[in-house]
1. Go through (1) surrounded by 15 or more Cβ atoms within 10 Å (Cβ to Cβ); (2) without any contact (Cβ under 8 Å) to a residue 60 or more places away in the chain; (3) not charged (D, E, K, R) one by one and return the number of the condition residue 388 breaks.
2. Going through segment 420-448 one residue at a time, which ones are among the aliphatic types (A, V, I, L, M) and under 12 Å from residue 243 (Cβ atoms)?
3. Listed residues 424, 429; which is touching a residue at least 24 places away in the same chain (Cβ under 8 Å), over 16 Å from residue 382 (Cβ atoms) and part of a loop (DSSP other than H, G, I, E, B)?
4. Filter segment 188-230 for residues that are outside any helix (DSSP H, G or I) and in contact with an Asp or Glu (Cβ under 7 Å, 6 or more places away or on another chain); which is nearest to residue 143 (Cα to Cα)?
5. Find all pairs meeting these conditions: Cβ atoms under 6 angstrom apart; at least six residues apart or on different chains; first residue within segment 153-166 and in contact (Cβ under 8 Å) with a residue 24 or more places away in the chain and assigned by TED's automatic domain parsing to the domain that holds residue 109; second residue part of a loop (DSSP other than H, G, I, E, B) and not small (Gly, Ala, Ser).
6. Scan 374, 366, 385 and give me the residue that is in a helix (DSSP H, G or I), among the charged types (D, E, K, R) and over 22 Å from the mean Cα position of the chain (by Cα).
7. So for segment 151-172 (the condition being touching a Pro at 6+ places or on another chain (Cβ under 7 Å), buried (at least 17 other Cβ atoms within 10 Å of the Cβ) and at pLDDT 95 or above), does at least one residue qualify?
8. Quick check: is even one residue across segment 304-320 surrounded by fewer than 24 Cβ atoms within 10 Å (Cβ to Cβ) and within 23 Å of residue 135 (Cα to Cα)?
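The values are calculated or read from the model by the stated rules, or taken from the named source; none is laboratory data. Bear in mind the structure is a predicted one, so any value in this text is a computation, not a measurement. Cβ: placed from backbone, ideal geometry, glycine included. Neighbour counts: every protein chain shown.
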Amino acid sequence: SEVPALDPSIPAPEAVTGVKVGERHWYHHEIVRYLNTLADASPRMVSLGEHAKSYGGRVLISYAISSPENLARLDEFKAARAAIIDPNADLELSEQPAVLHMMYSVHGNEASGANATPLVAYYLAATTDENLLSQLENVIIIFNPMLNPDGLDRFANWTNAHRGINPSNDPNDREHTEAIPNGRTNYYWFDLNRDWLPHQHPESRGRLALFHEWKPNVQLDFHEQGSNSNFFFMPGKPERTNPLTPDINQVLTAKIGEYHAQAFDAEGIRFFTEEGYDDFFMGKGSTYPDLFGTVGILFEQPSSRGAVQDTVNGKLTFPISISNQFRASLSSIKATAALKDNLLAYQRNFYTERKRKRGYYLASAEGDPTRLQEFVRILRGHQIEVEALTSDVTAEGKTFKAGEAIAIPLDQPQATYLETLWREQLEFEENIFYDVSTWTLPWAFNLS
């Protein structure tokens, strides 16, 4: 399709780094350098600063992208995010932009996501397309270009070092058969997309804080999958949706999916949806937000796992992979802008119309206060309120002692996520899952 004119005063990626997008795999420092340069040059983009630093010493930086008018009021809109989920706050939703959190490459060797971010940011900063500029007036993008910089660099080093001048498209070539430890994991070989719930690692703690700071309406999670597949976007398999996820969440997910389908159909690109992947385990980047009044979207791009690879669908190149992540990024912005009022209303209603429960969960870790402290840290990372017992309490035949036990009120803003952490899920519609099927947190900590 025809590309609108671009503002020549905005520096293109190659002009800053000397490397074209897709020419090879970019490293963390190159992506950060370019995006920082872009933020300095464009009135549509500002740096939000460092929200984490990896074990390898690589900073994780996020950016806000929107219209210049919205960015001038960024602090005001950020403050309003807390009011949206406060039932007692008086707020005119129609005057608020939607917030779209775009996260790329939590698995470092699924690198087309992070490598698409220079191109996505450049286009948003330099475009003269009136339709896209209108969308930015209704959306604030929180742009998170790479969630796993240590893994990304580990993989970039591997694939760049082992490709030839004429890259091999043989899937068995050394370039495509990465050694272990591979780039999927972080510095200490942990899968960061399984760390949303326990948030043990600095990258996870930083992105969790960013999520709750901005309370997005839509959260995007860009991944890669097997090379012989087709592009995937949510919804996942309907039978494998978490029972606490509101029906309207899946309705909105499907409506957003219509925009992706339109974008991919326009280019004749094959895709699938409502198969294979699910929305059940609430500890991944595309599922965690579903219990916070946010719509989480998973993207899975077939991976070239290097420069180029033969697949059952033909030759798959790294630039093709990047272009699909770029395409899904733009269709997401279009969908979020178009559905702004619906998304804001859903988020507001999620907190104001929930069924309120009375009572408390009580918990103790006899003889092991450190274990209990870690349990409390995890809960508070999810904005769950925890109180210390100030007097002994007896419940269900057990005495919980003051100073050694905690009380967690059931009536609190994040009651839904608290419920999923405490829930004993013993019955399922299906017996096959993409991932984890149960995660009762007090059992994991062996609490009383």
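1. Going through (1) surrounded by 15 or more Cβ atoms within 10 Å (Cβ to Cβ); (2) without any contact (Cβ under 8 Å) to a residue 60 or more places away in the chain; (3) not charged (D, E, K, R) one by one, residue 388 breaks only (1).
2. 426
3. Sole residue among the options that is touching a residue at least 24 places away in the same chain (Cβ under 8 Å), over 16 Å from residue 382 (Cβ atoms) and part of a loop (DSSP other than H, G, I, E, B): 429.
4. 223
5. Once the first residue is in contact (Cβ under 8 Å) with a residue 24 or more places away in the chain and assigned by TED's automatic domain parsing to the domain that holds residue 109 and sits in segment 153-166, its partners that are part of a loop (DSSP other than H, G, I, E, B) and not small (Gly, Ala, Ser) give 153/27; 155/109; 156/25; 156/27; 158/178; 159/25; 160/25.
6. Every option except 374 fails the conditions.
7. There is no residue in segment 151-172 that is touching a Pro at 6+ places or on another chain (Cβ under 7 Å), buried (at least 17 other Cβ atoms within 10 Å of the Cβ) and at pLDDT 95 or above.
8. No, there is no match, as no residue in segment 304-320 is surrounded by fewer than 24 Cβ atoms within 10 Å (Cβ to Cβ) and within 23 Å of residue 135 (Cα to Cα).
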